[in-house]
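Worksheet for the structure shown next.
The values are calculated or read from the model by the stated rules, or taken from the named source; none is laboratory data. Since this is a predicted model, take the numbers as computed values, not measurements. For neighbour counting, all protein chains shown are included, and Cβ atoms are generated from backbone atoms with ideal geometry for every residue, glycine included. Heads up: the accessible areas ignore ligands, DNA and RNA and are worked out on the full protein's heavy atoms, side chains in. Shrake-Rupley method; radii C 1.70, N 1.55, O 1.52, S 1.80 Å.
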Amino acid sequence: MRQLRFDSRLLHASEPSPRPDGAIVQPIYTSSTYEHGPDADYHDVRYIRLNNTPNHIALHATLATLEEAEAALVTASGMAAISTTLLSLLRTGDHLIAQENLYGGTHAFVTSDLARLGIRCTLVDSAQPDTWAAALEPTTRAIYVETLSNPLLRVPDLPAVVDFARAHGLVSLVDNTFASPVLYQPATQGFDLSLHSATKYLNGHTDLVAGAVIGRSDLVREVKTRLDHFGGCLDPHAAWMLQRGMKTLGLRVRRQCASAHEVALYLQGHPAVERVYYPGLTDHPGHDRARTSLAAFGGMLSFELRAGVTAAERFLRSTTLAACAPSLGGVETLVTRPATTSHAGMSPAERAQRGIAEGLVRVSVGIEDVADLIDDFDRALMQAVA
Ligand SMILES: *Cc1c(COP(=O)(O)O)cnc(C)c1O
């Protein structure tokens, strides 16, 4: 399938041949277990928890080809992908280097759950490669970054992460959720594993929770063994929905990137707005790294209002098209205040130290007509500062 281009692979990379009953769309195989011959061994067992039913297999093929990787595995959620992968690679006494400003669930997992197992983690600034060597220990096994961070859209020095991992014999991992395979294909850039909350852009329709691990086949095989034991498998119905949602990934994400750029420019020019965080703006600290590493600047942005928290709250109450809700990457525009959602677990001082203002508003730009979106924001900004 390597010869087909990205958007065609989304549709055709995992079609069964011949098509069952001529069906253009693969059916949902709800069967939990499958027949096998009398002398079959454990490796012939097909069972939903073993992640090897026809819907799983089709998804694995699609996901691997989207990032031009050797293998892929779907999981019950993004956190199942992240936790199972880290528990596969690390054991008691091992050490991990990860970026600061991790996704909240991942931050809690590495700093509390891994710590309980005697696996330590040092957090580094992913944009400052010259600071990483100081974090190295004899038992460091892996380095973990995110293509775009939440909610300030920081961009790591991605080529330096790969070089550093190779130089020191570490496994390189990237959470590619915010960028999606449309913007960045980690395997082609030398990353060992890419992780996704497929809940977000991959599915894109805000109607399921799923995760994915994509990359080197030897590592994906190890993660699959752990996932088979831990039990975080994806239900075939959700697998089928994800396969359907992914067909429009290219169309959706390119539209979301274009609209987010327009919204960012509009907000930047608005007198009530103090600051806009979008990697496509030339004053964003990650702009050059995003321009060289990513195919586009993404569908996520954040901004601060000059009038602070109360204005932000009023803005969130006043939008009518954009719903106020956590999560991201779907076709509907969502707005949220990280201080009360994704970063509510931190103290105001911790948030301030990370540059997350109390009144910061995060926007996940959907596929609505961008003129309607800007009208909605325009009215809401007017009411926010009235
Ligand atoms: C949402 C998210 C996760 C967790 O995914 P779930 O599907 O909610 O378990 C992990 N990483 C990032 C960057 C996310 O946005």
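In the same structural domain as residue 171 (by TED's automatic domain parsing), open to solvent by 30 Å² or more (accessible area, probe 1.4 Å) and without any contact (Cβ under 8 Å) to a residue 60 or more places away in the chain - does that describe any residue in segment 79-92?
Yes, the conditions are met somewhere in segment 79-92.
For segment 28-85, how many residues are closer than 17 Å to residue 222 by Cα and at pLDDT below 95?
Summing the residues that are closer than 17 Å to residue 222 by Cα and at pLDDT below 95 in segment 28-85 gives 2.
When the residues of segment 324-365 are narrowed to those that are assigned to a strand (DSSP E or B) and open to solvent by less than 50 Å² (accessible area, probe 1.4 Å), which ends up farthest from residue 383 (Cα to Cα)? Give the derivation first.
Applying the first criterion (assigned to a strand (DSSP E or B)) to segment 324-365 yields 324, 334-336, 361-364.
Restricting the remaining residues to those that are open to solvent by less than 50 Å² (accessible area, probe 1.4 Å) gives 334-336, 361-364.
Numbers: 334: 18, 335: 16, 336: 17, 361: 15, 362: 18, 363: 18, 364: 21 Å.
Among those that are assigned to a strand (DSSP E or B) and open to solvent by less than 50 Å² (accessible area, probe 1.4 Å), it is 364.
So which residues in segment 91-103 are over 19 Å from residue 155 (Cβ atoms) and either in contact with a helix residue (DSSP H, G or I) (Cβ under 7 Å, 6 or more places away or on another chain) or outside any loop (DSSP other than H, G, I, E, B) (or both), if there are any at all?
Step one: filter segment 91-103 for residues over 19 Å from residue 155 (Cβ atoms), giving 91-96.
Listed by number, the residues that qualify are 95, 96.
Working only within segment 5-45, note down all residues that are more than 16 Å from residue 64 (Cα to Cα), in a helix (DSSP H, G or I) and open to solvent by less than 50 Å² (accessible area, probe 1.4 Å).
20, 22
State all residues of segment 178-231 that are open to solvent by less than 20 Å² (accessible area, probe 1.4 Å), over 30 Å from residue 152 (Cα atoms) and within 15 Å of the ligand (Cβ to nearest atom); if no residue qualifies, say none.
Passing the criteria: only 227.
What about residue 138, is it farther than 24 Å from residue 277 by Cβ, away from the ligand (no atom under 16 Å from the Cβ) and open to solvent by 10 Å² or more (accessible area, probe 1.4 Å)? It would help to see each step written out before you state the result.
Numbers: farther than 24 Å from residue 277 by Cβ: yes; away from the ligand (no atom under 16 Å from the Cβ): yes; open to solvent by 10 Å² or more (accessible area, probe 1.4 Å): yes.
Spelling it out, residue 138 is indeed farther than 24 Å from residue 277 by Cβ, away from the ligand (no atom under 16 Å from the Cβ) and open to solvent by 10 Å² or more (accessible area, probe 1.4 Å).
Against the conditions (1) within 12 Å of the chain's Cα centre (by Cα); (2) in contact (Cβ under 8 Å) with a residue 40 or more places away in the chain, where does residue 193 fall short? Just the number, please.
(1)
Among (1) β-branched (Val, Ile, Thr); (2) surrounded by fewer than 21 Cβ atoms within 10 Å (Cβ to Cβ); (3) within 16 Å of the ligand (Cβ to nearest atom), where does residue 292 come up short?
The single condition residue 292 does not satisfy is (3).
Just to be sure, is residue 175 buried (at least 19 other Cβ atoms within 10 Å of the Cβ) and of a type in the set (D, E, K, R)? Spell out how you get there, then give the answer.
Details: buried (at least 19 other Cβ atoms within 10 Å of the Cβ): yes; of a type in the set (D, E, K, R): yes.
Yes.
Within segment 113-132, take every residue that is part of a helix (DSSP H, G or I) and open to solvent by 60 Å² or more (accessible area, probe 1.4 Å) and give me the one that is farthest from residue 344 (Cα to Cα).
First, the residues of segment 113-132 that are part of a helix (DSSP H, G or I): 113-116, 129-131.
Filter once more, keeping what is open to solvent by 60 Å² or more (accessible area, probe 1.4 Å): 113, 116, 130-131.
Values: 113: 19, 116: 23, 130: 31, 131: 29 Å.
For segment 113-132, the residue satisfying everything is 130.
For the subset of segment 301-323 comprising residues that are open to solvent by less than 10 Å² (accessible area, probe 1.4 Å), within 20 Å of residue 259 (Cα to Cα) and touching a Leu at 6+ places or on another chain (Cβ under 6 Å), which member is nearest to the ligand (Cβ to nearest atom)?
Among those that are open to solvent by less than 10 Å² (accessible area, probe 1.4 Å), within 20 Å of residue 259 (Cα to Cα) and touching a Leu at 6+ places or on another chain (Cβ under 6 Å), it is 302.
Have a look at 331, 363 and point out the one that is out of contact with any Lys or Arg (no Cβ under 8 Å at 6 or more places or on another chain) and of a type in the set (A, V, I, L, M, F, W, C).
Details: 331 fails: out of contact with any Lys or Arg (no Cβ under 8 Å at 6 or more places or on another chain).
Unique residue meeting the criteria: 363.
Determine whether segment 50-58 contains at least one residue that is more than 27 Å from residue 6 (Cβ to Cβ) and either away from the ligand (no atom under 16 Å from the Cβ) or not small (Gly, Ala, Ser) (or both). Reasoning before the result, please.
Within segment 50-58, the first condition is being more than 27 Å from residue 6 (Cβ to Cβ), and the residues that meet it are 50.
If we keep only those that are either away from the ligand (no atom under 16 Å from the Cβ) or not small (Gly, Ala, Ser) (or both) as well, we get 50.
Scanning segment 50-58 turns up at least one residue that is more than 27 Å from residue 6 (Cβ to Cβ) and either away from the ligand (no atom under 16 Å from the Cβ) or not small (Gly, Ala, Ser) (or both).
Which one is nearest to the ligand (Cβ to nearest atom) among residues in segment 159-177 that are within 25 Å of residue 254 (Cβ to Cβ) and among the polar types (S, T, N, Q)?
Just the residues of segment 159-177 that are within 25 Å of residue 254 (Cβ to Cβ), to begin with: 159, 174-177.
Right, trim to among the polar types (S, T, N, Q) and you get 176-177.
Details: 176: 9, 177: 4 Å.
Once the filter is applied, the top-ranked residue is 177.
Considering segment 262-276 alone, what residues qualify as being open to solvent by less than 50 Å² (accessible area, probe 1.4 Å) and either in a helix (DSSP H, G or I) or out of contact with any Lys or Arg (no Cβ under 9 Å at 6 or more places or on another chain) (or both)? Steps first, please.
The initial filter retains those residues of segment 262-276 that are open to solvent by less than 50 Å² (accessible area, probe 1.4 Å), namely 263-264, 266-267, 270, 272-273, 276.
Listed by number, the residues that qualify are 263, 264, 266, 267, 270, 276.
Residue-wise test of (1) under 23 Å from residue 172 (Cα atoms); (2) more than 25 Å from the chain's Cα centre (by Cα); (3) within 16 Å of the ligand (Cβ to nearest atom).
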position: 13; (1), (2), (3): no, no, no
position: 28; (1), (2), (3): no, yes, no
position: 34; (1), (2), (3): no, yes, no
position: 47; (1), (2), (3): no, yes, no
position: 63; (1), (2), (3): yes, no, yes
position: 69; (1), (2), (3): yes, no, no
position: 78; (1), (2), (3): yes, no, yes
position: 91; (1), (2), (3): yes, no, no
